[in-house]
Structure formats: structure tokens, C-alpha cells
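Colleague: Below you will find the structure I want to go over with you.
The values are calculated or read from the model by the stated rules, or taken from the named source; none is laboratory data. Nothing here was measured: the structure is a model prediction, and the numbers come from that model. Using ideal geometry, Cβ is built from the backbone for each residue, glycine included, and neighbour counts are taken over all protein chains shown. The area values use the complete protein model at the heavy-atom level, side chains included, leaving out ligands, DNA and RNA. Shrake-Rupley method; radii C 1.70, N 1.55, O 1.52, S 1.80 Å.
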Amino acid sequence: MSAPVTSVKFGDNSLDLPVKSGSVGPSVIDIGKLYAQSGMFTYDPGFTSTAACESKITYIDGDEGILLYRGFPIEQLAEHGDFLETCYLLLYGELPTAAQKADFDYRVTRHTMVHDQMQRFFQGFRRDAHPMAVMVAAVGALSAFYHDSTDITDETQRMVASMRMIAKVPTLAAMAFKYSIGQPFVYPLNSLDYTSNFLRMCFAVPAEEYQVNKVLSRALDRIFILHADHEQNASTSTVRLAGSSGANPFACIAAGIACLWGPAHGGANEAALKMLEEIGHVENIPKYIAKAKDKNDPFRLMGFGHRVYKNYDPRAKIMQKTTHEVLAELGVKDDPLLDIAIELERIALHDEYFIEKKLYPNVDFYSGITLKAMGFPTTMFTVLFALARTVGWIAQWKEMIEDPSQKIGRPRQLYTGSARREYSPMAQRR
Ligand code: SDX
């Protein structure tokens with residue numbers, strides 16, 4: 001049976017282009033030979049209709065609100081597993097056996113310390129530096145320390161770099177937080193699980209014993225699972241493009257952190273909480289809904305809308321449930337910001353504008369309320385997103401490097417600037 005093709009007509013010519021189908025989801029038109037055979041490019045700023053790669057890691061059905069990591073529904077992974085199990089799944093493609101999980105936990109745990117000279121990088125920042133600025137620098141700096149795990153052609157070194165990234169980003173994130181509040185750094189404690197270790201590095205002080213709250217640790221671990229990977233989003237595409245040149249993997253992850261920082265992407269959790277604080281009271285919601293609908297007002301409901309989800313983001317549902325769990329554990333009876341968020345969601349989901357544009361809460365809408373209740377400042381919210389997404393970035397980076405058809409990413413353009421013109425001497429310019 002011949003491979004399926006689709007014909008593209010341009011002028012008096014037509015060109016047959018192969019169609020490739022995946023295991024689930026939309027098929028693709030392979031336009032690799034389009035320019036050579038037609039002299040034309042496709043044009044798709046923002047890549048709204050463009051598949052940049054083939055991947056086996058994560059699948060999203062935006063219309064149905066489905067998210068699968070290696071085929072497993074996010075709801076089941078969040079309910080039954082822990083974050084390191086999800087890390088193993090994303091990296092290796094299968095759920096670990098008990099022995100594989102114990103070995104993976106052991107290996108990650110024993111890479112959690114960073115070179116002690118890393119502390120000097122933090123001293124160079126003002127205390128009020130945004131922790132995301134610090135993370136871009138600190139993770140990028142790791143590329144100067146691990147020359148024994150940056151030969152990306154060596155599978156062992158790729159896995160060692162991956163383990164180091166997953167293990168050390170929480171330590172650097174905690175150091176960024178401690179530095180911002182003027183408290184001493186807390187070293188990792190190998191007797192604790194991944195997320196309990198992170199909480200202790202953030203909230204323990206030398207002056208007293210720190211007891212990890214198991215309910216909060218489990219909730220944060222689940223939040224990390226929700227944020228672990230998400231197909232070819234902006235920051236993952238940044239990591240892939242940086243990695244396609246053969247750049248140092250730590251530097252590629254730093255590039256992903258930089259991209260995630262933007263308020264349209266991972267920075268939305270910080271922006272959403274600030275928006276709820278600005279709204280201040282449920283009676284102000286209609287004014288902000290009107291602003292969000294006003295084409296002349298740049299204001300958008302942060303934590304709402306998504307490039308892919310045109311239905312409820314499945315992560316937002318689990319996030320909302322986790323928010324109630326955390327507030328209950330902390331004895332917070334009524335959080336005014338949660339009241340505003342729930343009322344804002346209720347109004348928006350019944351408003352014609354949001355219904356017509358299929359705008360639903362996304363993963364960032366409720367996460368800020370939960371993280372604030374846990375004691376994290378808003379500036380740390382995107383750092384926590386980056387901590388969780390590191391495994392997704394590194395899994396996607398490995399998949400790209402190990403793809404035999406991989407080549408450096410080099411998009412083309414539609415040029416609308418000046419055609420050739422001659423240089424004019426300064427004296428003749430008016
Ligand atoms: C993340 O890609 C990923 O998977 C990202 C992520 C991940 O896990 O990696 O899921 C994480 O980044 C979630 C998204 C977080 N960002 C926000 O919550 C910021 C607020 N949302 C918007 O900025 C927007 O919805 C985006 C950026 C998320 C998506 O934008 P798109 O796909 O480019 O859609 P668009 O901007 O073209 O919007 C379509 C229409 C526009 O109206 P029209 O021009 O068609 O008239 O919907 C409107 C927009 O004005 N719109 C909104 C809106 N989001 C879109 N109007 C009001 N409030 C909003 N939040």
C-alpha cells in the first residue's frame with residue numbers, strides 16, 4: 001500500500017507531500033521537501049499548526065482535556081505515584097518496578113548536593129533579585145562544573161547529566177529562596193524523599209528542628225507531577241532548539257528556565273496570584289472580566305486560556321482539589337483569594353466571550369493560592385514550575401539528541417524588509 005500523500009497546488013503546479021500518522025492525535029504533512037520542490041516556505045508564526053518534531057513522551061488532547069505521560073493519564077499518575085516515579089517514566093518510557101524505583105530514588109538522592117563553590121554565585125546577586133533570574137544563572141553555571149557529563153554523544157553521560165539536573169535543581173531553587181530571605185542555605189538530607197527534602201531545604205532553619213508536614217509534602221509532590229512535561233510548549237521548544245546545536249545540556253535547561261519565566265507561560269502562576277490580589281474582592285470581578293474582554297485593554301485573565309486546551313486543563317482540576325486539601329491541612333477556613341478565584345471561574349465559564357473562545361482555567365490558575373498557603377512568596381512560584389519541568393525538558397532534550405534524524409533547528413522567514421539598495425555617504429543623507 002503506497003504511503004498517503006496530500007497535494008499542494010501553487011500556480012499551475014501541484015506537489016504531492018507525504019502524510020505521516022502518529023499513534024494518536026492529528027496526522028502531519030511532511031513538508032521537508034517543499035522548499036526544494038516549490039521554492040516556497042510555509043508560514044506559521046507561533047507554530048499554531050506546526051509539528052516541530054516526532055515525540056513519544058507526552059500527548060495532549062486539547063479538545064477533550066486529556067494529558068498522557070508515556071500513555072498514562074495524568075490523573076492516575078498524580079493519584080497513585082510520586083514525582084520521582086513520573087521522572088523515571090518520562091526518562092525511560094515505562095513505569096519502574098519496585099527495584100528500579102528504589103535504584104532511581106537512590107541515584108537522584110545522591111546527586112542532590114551542588115559544588116560548594118556554587119554558593120559564591122548567589123553572593124553576587126542583590127537580595128531582592130527575582131529568583132528566576134538567579135535560577136537562569138545558577139543552572140547555567142552548572143555547565144561550568146560537570147565536564148565529565150557533557151559529551152552528549154555518550155549515552156551514559158547524557159543520563160548522568162539528566163540525573164544531576166533532576167537532583168540539583170531543587171537544591172539550587174531552595175538556595176535561591178533562602179538567599180532572597182537572608183537565611184542560611186540548608187544542605188539536602190538524604191534520609192528524606194525528594195519533595196520533603198526540598199521543603200526542608202526551603203523552610204528549615206539552623207535554630208530549630210524542622211518537621212516535614214507529610215500532607216503538604218504529598219501535595220507539593222503531586223503539583224510537581226502535574227508540571228513535569230507538556231509536549232512542545234515554548235520552554236521545551238527552547239530547550240530542544242538550544243540542544244539541537246549540541247550545546248551543553250545544563251546551558252540548554254537554563255535557556256528553558258529563561259523562556260518559562262514569561263507571564264504568558266510559566267510566569268502566569270505568579271501573575272495569576274497578583275491578579276487575584278489586585279481584584280481584591282468578588283464584587284470587583286465584573287470590572288476585570290470586562291477588561292479581559294476589551295480588545296483595547298491588554299489585560300488578560302492570568303491562569304485562563306491555553307494554546308492547546310480548548311477544554312478544562314486536566315491539571316487545573318487536580319490543582320483545585322489539592323488547593324482545598326492544603327488549605328484544610330493548614331486550617332485556613334476561607335481564603336479570600338480562593339473565594340475570588342472560584343467566583344471568577346464561575347462567572348467566566350458562563351460568559352459568552354470565554355465560552356466562544358474556549359477559555360478555561362489552566363494549571364496556573366489555582367497553583368499560586370496553594371503555593372502561597374504553603375509559605376512560598378509569589379516570586380518563587382515559577383521557580384517551582386521550573387523545578388518540576390526540568391525532567392520534561394531533559395527527557396525531551398534526550399529524545400531529540402537520540403533521534404537519528406536530528407539536525408540543528410534553523411527556521412526560515414517571510415522577508416518584508418528592504419530589497420538591495422546602495423550605501424549612501426553621510427553627507428548625502430537627509
Ligand atoms: C502555560 O504551552 C503549554 O503547554 C504551556 C503550559 C505548560 O505546561 O507548559 O501549559 C503552561 O504556559 C499555561 C498558560 C499560562 N498563561 C496564562 O495563563 C496567561 C493568560 N493566557 C493567555 O495569555 C493565552 O491564553 C495563552 C498565551 C495561554 C494562549 O494564547 P494563544 O494560544 O496564543 O491564544 P490567543 O492569544 O490567540 O487567544 C485567542 C483569543 C484572543 O482573542 P481574539 O484575538 O481571537 O479576539 O482568546 C483571547 C485572546 O485575546 N484570550 C484571552 C485570554 N487568553 C486568550 N482573553 C482574556 N484572557 C485570557 N487569559
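A quick yes/no check of all residues on (1) assigned to a helix (DSSP H, G or I); (2) under 22 Å from S55 (Cα atoms); (3) not aliphatic (A, V, I, L, M):
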site	(1), (2), (3)
D221	yes, no, yes
A242	yes, yes, no
A247	no, yes, no
G256	yes, yes, yes
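Colleague: Let me ask another. Do the conditions hold for Y210, that is, is it touching a residue at least 60 places away in the same chain (Cβ under 8 Å) and away from the ligand (no atom under 16 Å from the Cβ)?
Modeller: Numbers: touching a residue at least 60 places away in the same chain (Cβ under 8 Å): no; away from the ligand (no atom under 16 Å from the Cβ): yes.
Considered against the rule, which asks whether it is touching a residue at least 60 places away in the same chain (Cβ under 8 Å) and away from the ligand (no atom under 16 Å from the Cβ), Y210 comes out as no.
Colleague: Residues in the range 351-365: is at least one modelled with pLDDT of 95 or more and of a type in the set (S, T, N, Q)? Outline the logic, then answer.
Modeller: Start the filter on the range 351-365 by keeping residues that are modelled with pLDDT of 95 or more, which leaves none.
No, because not a single residue in the range 351-365 is modelled with pLDDT of 95 or more and of a type in the set (S, T, N, Q).
Colleague: Which of the following residues is under 19 Å from D313 (Cβ atoms) and either surrounded by fewer than 21 Cβ atoms within 10 Å (Cβ to Cβ) or within 12 Å of the ligand (Cβ to nearest atom) (or both): A228, A251? I'd like the intermediate steps shown before the answer.
Modeller: Values: A251 fails: under 19 Å from D313 (Cβ atoms).
From the options A228, A251, the qualifying one is A228.
Colleague: Please find, among C259, C252, the residue that is under 22 Å from P170 (Cβ atoms) and within 12 Å of the chain's Cα centre (by Cα).
Modeller: Of C259, C252, the one residue that is under 22 Å from P170 (Cβ atoms) and within 12 Å of the chain's Cα centre (by Cα) is C259.
Colleague: Scan the range 270-286 for residues that are more than 9 Å from the ligand (Cβ to nearest atom), within 27 Å of the chain's Cα centre (by Cα) and open to solvent by less than 20 Å² (accessible area, probe 1.4 Å) and jot them down. Full working, then the answer.
Modeller: Residues of the range 270-286 that are more than 9 Å from the ligand (Cβ to nearest atom), as a first pass: 270, 273-286.
Pick out the ones that are also within 27 Å of the chain's Cα centre (by Cα) and you get 270, 273-279.
Passing the criteria: E270, L273, M275, L276, I279.
Colleague: Among the residues in the range 315-334, are any open to solvent by less than 30 Å² (accessible area, probe 1.4 Å), more than 10 Å from the ligand (Cβ to nearest atom) and not β-branched (V, I, T)?
Modeller: yes
Colleague: Could you check, for the range 389-405, whether at least one of its residues is surrounded by fewer than 18 Cβ atoms within 10 Å (Cβ to Cβ) and more than 30 Å from V139 (Cα to Cα)?
Modeller: no
Colleague: Quick check: is even one residue across the range 302-317 of a type in the set (A, V, I, L, M) and touching a Leu at 6+ places or on another chain (Cβ under 7 Å)?
Modeller: No, the range 302-317 contains no residue that is of a type in the set (A, V, I, L, M) and touching a Leu at 6+ places or on another chain (Cβ under 7 Å).
Colleague: Answer yes or no as to whether F304 is aromatic (F, W, Y) and within 11 Å of the ligand (Cβ to nearest atom). Steps first, please.
Modeller: Working: aromatic (F, W, Y): yes; within 11 Å of the ligand (Cβ to nearest atom): yes.
It is true that F304 is aromatic (F, W, Y) and within 11 Å of the ligand (Cβ to nearest atom).
Colleague: Which of the residues belonging to the range 40-52 are open to solvent by less than 50 Å² (accessible area, probe 1.4 Å) and part of a loop (DSSP other than H, G, I, E, B)?
Modeller: Of the residues in the range 40-52, the ones open to solvent by less than 50 Å² (accessible area, probe 1.4 Å) are 44, 46.
Within the range 40-52, just D44 meets the criteria.
Colleague: Taking into account only those residues within the range 258-269 that are near the ligand (Cβ under 9 Å from one of its atoms) and in contact with a Gly (Cβ under 8 Å, 6 or more places away or on another chain), which is nearest to Q320 (Cα to Cα)? Talk me through it step by step, then tell me what you get.
Modeller: Start the filter on the range 258-269 by keeping residues that are near the ligand (Cβ under 9 Å from one of its atoms), which leaves 260, 262-269.
Cutting the leftovers down to in contact with a Gly (Cβ under 8 Å, 6 or more places away or on another chain) gives us 260, 268-269.
Values: L260: 22, A268: 16, N269: 13 Å.
Checked the range 258-269; the qualifying residue nearest to Q320 (Cα to Cα) is N269.
Colleague: Ok, one more. Conditions: (1) at negative phi; (2) surrounded by 16 or more Cβ atoms within 10 Å (Cβ to Cβ). D63 meets all but one. Number of the miss?
Modeller: Of (1) at negative phi; (2) surrounded by 16 or more Cβ atoms within 10 Å (Cβ to Cβ), only one is false for D63: (2).
Colleague: Tell me which of these G32 doesn't satisfy, since it passes every other one: (1) in contact (Cβ under 8 Å) with a residue 12 or more places away in the chain; (2) part of a loop (DSSP other than H, G, I, E, B); (3) open to solvent by less than 80 Å² (accessible area, probe 1.4 Å).
Modeller: Just one mismatch for G32, condition (1).
Colleague: List the residue pairs whose Cβ atoms are under 7 Å apart, where the first residue sits in the range 60-88 and is acidic (D, E), the second is assigned to a helix (DSSP H, G or I) and surrounded by fewer than 19 Cβ atoms within 10 Å (Cβ to Cβ), and the two are 6 or more positions apart or on different chains.
Modeller: E85/K101
Listed here are the residues, each with its yes/no results for (1) open to solvent by 60 Å² or more (accessible area, probe 1.4 Å); (2) in contact (Cβ under 8 Å) with a residue 24 or more places away in the chain; (3) farther than 18 Å from W397 by Cα.
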| position | (1), (2), (3) |
| --- | --- |
| Y92 | yes, no, no |
| P96 | no, no, yes |
| Y106 | yes, no, yes |
| M113 | yes, yes, yes |
| D116 | yes, no, yes |
| F121 | yes, no, yes |
| V134 | no, yes, yes |
| Y146 | no, yes, no |
| I152 | no, yes, no |
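Colleague: What number of residues within the range 156-191 satisfy the criterion of being over 24 Å from G124 (Cα atoms) and either free of Cβ contacts under 8 Å to residues at least 40 places away in the same chain or among the aliphatic types (A, V, I, L, M) (or both)?
Modeller: Counting residues in the range 156-191 that are over 24 Å from G124 (Cα atoms) and either free of Cβ contacts under 8 Å to residues at least 40 places away in the same chain or among the aliphatic types (A, V, I, L, M) (or both) gives 9.
Residue-wise test of (1) surrounded by fewer than 24 Cβ atoms within 10 Å (Cβ to Cβ); (2) more than 17 Å from L220 (Cβ to Cβ).
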residue	(1), (2)
T156	yes, yes
A161	no, yes
K168	no, yes
S180	yes, yes
Q183	yes, yes
P188	yes, no
L192	yes, no
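Colleague: Among the residues of the range 287-298, are any assigned to a loop (DSSP other than H, G, I, E, B), within 13 Å of the ligand (Cβ to nearest atom), under 19 Å from the mean Cα position of the chain (by Cα) and over 15 Å from I347 (Cα atoms)?
Modeller: Taking the range 287-298 and keeping what is assigned to a loop (DSSP other than H, G, I, E, B), we get 294-298.
Restricting the remaining residues to those that are within 13 Å of the ligand (Cβ to nearest atom) gives 294-298.
Checking which are under 19 Å from the mean Cα position of the chain (by Cα) leaves us with none.
Looking for residues that are assigned to a loop (DSSP other than H, G, I, E, B), within 13 Å of the ligand (Cβ to nearest atom), under 19 Å from the mean Cα position of the chain (by Cα) and over 15 Å from I347 (Cα atoms), one finds none in the range 287-298, hence no.
Colleague: Here's a check for you: in the range 345-367, which residue that is of a type outside the set (V, I, T) and more than 11 Å from the ligand (Cβ to nearest atom) is surrounded by the most Cβ atoms within 10 Å (Cβ to Cβ)? Walk me through it before giving the result.
Modeller: Restricting attention to the range 345-367, the residues satisfying the condition of being of a type outside the set (V, I, T) are 345-346, 348-354, 356-362, 364-367.
Next, from what is left, pick out any that are more than 11 Å from the ligand (Cβ to nearest atom): 345-346, 349-350, 352, 366.
Details: E345: 21, R346: 12, L349: 14, H350: 9, E352: 8, Y366: 30.
So, considering only residues that are of a type outside the set (V, I, T) and more than 11 Å from the ligand (Cβ to nearest atom), the one surrounded by the most Cβ atoms within 10 Å (Cβ to Cβ) is Y366.
Colleague: Would you check which residues across the range 1-20 are under 28 Å from D61 (Cβ atoms) and open to solvent by 90 Å² or more (accessible area, probe 1.4 Å) and list them?
Modeller: M1, K20
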